[in-house]
């Protein structure tokens, strides 16, 4: 995954730039999706059903 500084966090279906700072988070899983750009990936991330918590969208790092 790319760095948290390149992430978009989605909470309550609202995208916000960056990773939430100062929070105790546990990675519950991840989806690898193909998207045309970051905005498309955020749109896909907003479709993920989340009961308690949020979704973090990050680009994939390639070498």
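Note on residue 37 and residue 11: the extension gain reaches 7.4 nm, defined as 0.36 nm multiplied by sequence separation minus the Cα-Cα distance. Available extension along the chain between residue 63 and residue 50 is 1.5 nm, counting 0.36 nm per residue and deducting the alpha carbon span. Per residue of the chain, the DSSP helices (runs of n ≥ 4 H) give a summed -39500 (n - 2.57) that works out to -3500 deg cm²/dmol at 222 nm.
Taken together, the values in this text are just the output of simple stated rules run on the coordinates, not laboratory data. Just so we're clear, the structure is a prediction, and the values are computed from it rather than from any experiment.
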